[in-house]
Amino acid sequence: MTGSVSSEIHYELTKDGATLVDQTLPADVSLDATIDNIQAWSAEAPHLYDLTMTVLQDDQPLEVVRQRVGFRQIELNGKTFLVNGQAIKFKGVNMHDYSATKGRVMSEADFKKNIILMKRHNINAIRTSHYPKAPYFYDLCDELGMYVIDETDLECHGFELTERYDWITDDPRWKTAYVDRMRRTLQRDKNHPSIIMWSLGNESAFGDNFRAMAAYCKAEDPTRLVHYEGDFEAEVSDVYSTMYTWLEHDTKMTMADVLQKTQKPHILCEYAHSMGNGPGNLKEYQDLFYGHKQLQGGFIWEWFDQGVATKEGDQTYYRYGGDFGDQPNNGNFCIDGLIHPDGNPSTALTEVKKTFEPFQIAVRDLATQTITITNRLDFLSSDQFSFAYELEADGQTVAKGKLDLPTIQPGTAKTVKLGIQLPKFNAETIYNLHLLIELKEATAWADAGTVLSQSVINLQRPKFQVAHQQTTALQATEDNTTITVTGGDYEYRFDKIKGTFSLSHAGSDLIRDGIKMNFWRAPIDNDMYLLDDYYNKYFLNLWHESTREVHLQPQTNGNYVVSLTKQVGTTNSGWYYMIQQQYTIHQDGSFDLDVVGKASGKRDMAPEMLARIGVKMTLPKAYQQVSYDGLGPTENYRDSHQAAYYSHFTSSVDDLFVT
């Protein structure tokens, strides 16, 4: 047989129906074309083009491949890395593949749902911890706009339990296997604009095999950066990457140490562990990132609570290590995500959305309604957003409207006067002004009007005052065991032996078995390595109250005061607290409680701190509604309250629990 075969490739690049490239070249010739007015890809503006490649043999199509492609530039510039000329900030999460019902299998729909949820909570980056994901994941990141650190499937975590953590990492016999894992990841995923960095693996020490992996990446794809946290000196990594670096610490590495140590860009590839009630200090980390160009953000650990859905009757609950009789196990250490196993956001994700918000609002002059709006985006101006307000009185919206939002370029700020016509305020009402920055138009991941930034300005916070009414005269009786104070339909009964009391109104209980001292709280996951030992070491499990003295004192204004002296501690610890409780009972049926405590006994045997200092009481089960003035509407803590604000909130007992 004689003759020749002619193979060619036809390239067609289009965007929005317009053809930008239309060329046919020999199969062994690479396409080199100039495209004017390119629209660069970024997570904020994920512009994509449609590339169609047709393999031709003797002018007949043999194979057609279609790929959505994007154009963007990644470069190092001193201590920062740039995307399209901008020093971006990663507002990222680590993401394991997980489903509560399918295990490690995630469909395209699963990925899309989760990436959309991330986008709506102002997350812009994913680290594929700790392995490459299904191909459609990268398509979605390209289309929806998500920066990706693509991590190869290499982890030798268990070797840290041996004498040589770098046992195979520095063994030349493993070099080919190491490089092959990187090669397969890079060659499969290299056409995705969302991938900003190649990650060589996770927690596998450092050695020559990682040097070989990095060399392969830089030779094969010099357009992207190389990442590896285990390269502690950033010898081959283009960024200095650390995990769980402290804001402050006496002996461990802190973020201040990072700034002094390295001349390369820095990222936290893992931080803000989200187990239980975590994470904390998100605002402090973000303030630090935005205070230093070299600090380019990080990736929260992690996205999913990895619980296994289990159904018993009509109830579904989520199991973790040890619930299957499995030994050894890591307990609930896999329940450490921003969303619950059922996919619903946790309170932590609400805090993330607030902390990561693209626009920050600060009050300059409340009297003139002057504020400053800072645009923390890297590429988009405020022109893609709208501005609105809602006026809230005691938790209820009483007015709303639209506001003018000036053009604010990325990375800049402007001062704005709101000009809102406010009604006359009721002196006893809490008033808040909610300022909302919303999407002006629908995107692939959210509808128009989706709120991305929300700031709450307190306009009025009345001082808490109780006006006691002189109603029915109080009557008091006392015997060896009980003090009884009555007035109208109210009755107080103090148990002189136990030091407790009950309160009833018209024969119905309001308070049962109150009020006892409380020096404990529900342990949270961050206590797991400390609290059991702490609880028993200081005999807190044996604490009880002993009533020493009880006195009834009538007041000249018709009120009564009941004073109790209690000793709170254990019989064998040698240290305790002397507590003075003073109840002032008013003629309208209300009471005030003053508590004074003093540490006594052998102070050197006492703990350095108490988990909580407070009081507790038992209410009738029929009382299921809660109303309070304070920070809400979500749970909040000293180091996690950016999404909370002071107002009047109502809820039910059930809704105050996470189930």
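The values are calculated or read from the model by the stated rules, or taken from the named source; none is laboratory data. For clarity, every value in this text was computed on a predicted model and none was experimentally measured. Cβ placement follows ideal geometry from the backbone for every residue including glycine, while neighbour counts extend to all protein chains displayed.
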* Identify, please: which residue in the stretch 305-353 is in contact with a His (Cβ under 9 Å, 6 or more places away or on another chain) and not in a loop (DSSP other than H, G, I, E, B) and is, among those, farthest from Thr415 (Cα to Cα)? -> Tyr318
* To do: Could you tell me which residue of the stretch 88-109 is surrounded by the most Cβ atoms within 10 Å (Cβ to Cβ), considering only residues that are of a type in the set (Ser, Thr, Tyr) and free of Cβ contacts under 8 Å to residues at least 40 places away in the same chain?
  => Ser99
* To do: Considering (1) without any contact (Cβ under 8 Å) to a residue 40 or more places away in the chain; (2) surrounded by fewer than 18 Cβ atoms within 10 Å (Cβ to Cβ); (3) over 30 Å from Val258 (Cβ atoms), say which one Gly85 fails and leave the rest.
  => (3)
* Structure fact -> Matching residues in the stretch 417-463 (in contact with a Ser or Thr (Cβ under 6 Å, 6 or more places away or on another chain), of a type in the set (A, V, I, L, M) and closer than 23 Å to Asn122 by Cβ) number 3
* Residue within the stretch 217-234 that is basic (Lys, Arg) and either part of a strand (DSSP E or B) or buried (at least 18 other Cβ atoms within 10 Å of the Cβ) (or both) present -> yes
* Could you please give the count of residues in the stretch 19-57 that are closer than 21 Å to Pro193 by Cα and part of a strand (DSSP E or B)? => 10
* To do: Test Lys598 against the stated conditions and say whether it is at pLDDT 90 or above and over 30 Å from Tyr490 (Cα atoms).
  => yes
* Within the stretch 463-482, track down each residue that is loosely packed, with under 14 Cβ neighbours inside 10 Å and of a type outside the set (S, T, N, Q). => Lys463, Phe464, Val466, Ala467, Ala473, Asp479
* Would you mind stating whether Leu295 is modelled with pLDDT of 95 or more and touching a Phe, Trp or Tyr at 6+ places or on another chain (Cβ under 6 Å)? => yes
* Asked: Taking into account only those residues within the stretch 25-70 that are touching a strand residue (DSSP E or B) at 6+ places or on another chain (Cβ under 6 Å) and of a type in the set (Val, Ile, Thr), which is nearest to Leu140 (Cα to Cα)?
  -> Val69
* Search the stretch 422-440 for residues that are under 16 Å from Gly630 (Cα atoms) and pair each with any residue that is among the small types (Gly, Ala, Ser) and outside any loop (DSSP other than H, G, I, E, B) when their beta-carbon atoms are under 8 Å apart and the residues are at least 6 apart or on different chains. => Thr429/Ala393; Ile430/Ala393; Ile430/Ser647; Tyr431/Ala393; Asn432/Ser647
* Asked: Does Ile88 satisfy the criteria of being in a loop (DSSP other than H, G, I, E, B) and either farther than 30 Å from Leu282 by Cα or not hydroxyl-bearing (Ser, Thr, Tyr) (or both)?
  -> yes
* To do: Please determine, by comparing only the residues of the stretch 485-500 that are out of contact with any Asp or Glu (no Cβ under 7 Å at 6 or more places or on another chain) and under 15 Å from Val550 (Cβ atoms), which one is surrounded by the fewest Cβ atoms within 10 Å (Cβ to Cβ).
  => Ile497
* Asked: Of the conditions (1) surrounded by fewer than 20 Cβ atoms within 10 Å (Cβ to Cβ); (2) β-branched (Val, Ile, Thr); (3) in a loop (DSSP other than H, G, I, E, B), Ile123 fails just one. Which one is it?
  -> (1)
* Asked: For Ala446, which of the numbered conditions (1) among the small types (Gly, Ala, Ser); (2) under 32 Å from the mean Cα position of the chain (by Cα); (3) exposed (fewer than 13 other Cβ atoms within 10 Å of the Cβ) fails to hold?
  -> (3)
* Asked: Right, Ala33: on the phi < 0 side of the Ramachandran plot, of a type in the set (A, V, I, L, M, F, W, C) and surrounded by 13 or more Cβ atoms within 10 Å (Cβ to Cβ) or not?
  -> no
* Asked: Tell me, which residue of the stretch 616-634 that is surrounded by 14 or more Cβ atoms within 10 Å (Cβ to Cβ) and not small (Gly, Ala, Ser) is farthest from Trp543 (Cα to Cα)?
  -> Pro633
* Structure fact -> Residues in the stretch 418-440 that are more than 16 Å from Leu403 (Cα to Cα) and assigned to a loop (DSSP other than H, G, I, E, B) total 8
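Per-residue answers, yes or no, for (1) at pLDDT 95 or above; (2) touching a Lys or Arg at 6+ places or on another chain (Cβ under 8 Å):
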site	(1), (2)
Asn122	yes, yes
Arg127	yes, no
Tyr136	yes, no
Leu140	yes, yes
Met146	yes, yes
Gly158	no, no
Glu163	no, no
Trp174	yes, no
Asn191	yes, no
* Asked: From Gly280, Gly297, Gly276, which residue is surrounded by 15 or more Cβ atoms within 10 Å (Cβ to Cβ), part of a strand (DSSP E or B), in contact (Cβ under 8 Å) with a residue 40 or more places away in the chain and not polar (S, T, N, Q)?
  -> Gly297
* Selection count, the stretch 305-330, where residues are surrounded by 13 or more Cβ atoms within 10 Å (Cβ to Cβ) and either over 21 Å from Asn344 (Cβ atoms) or aliphatic (A, V, I, L, M) (or both) -> 5
* To do: May I ask you to list the residues in the stretch 388-402 that are crowded, with 16+ Cβ neighbours inside 10 Å and assigned to a strand (DSSP E or B)?
  => Ala388, Tyr389, Glu390, Leu391, Glu392, Ala393
* Structure fact -> From the option list Arg72, Arg66, single residue qualifying as within 46 Å of the chain's Cα centre (by Cα), surrounded by fewer than 16 Cβ atoms within 10 Å (Cβ to Cβ), closer than 30 Å to Leu117 by Cβ and not acidic (Asp, Glu) is Arg66
* Asked: Does Tyr49 fit the bill of being of a type outside the set (A, V, I, L, M), surrounded by 15 or more Cβ atoms within 10 Å (Cβ to Cβ) and closer than 30 Å to Pro345 by Cβ?
  -> no
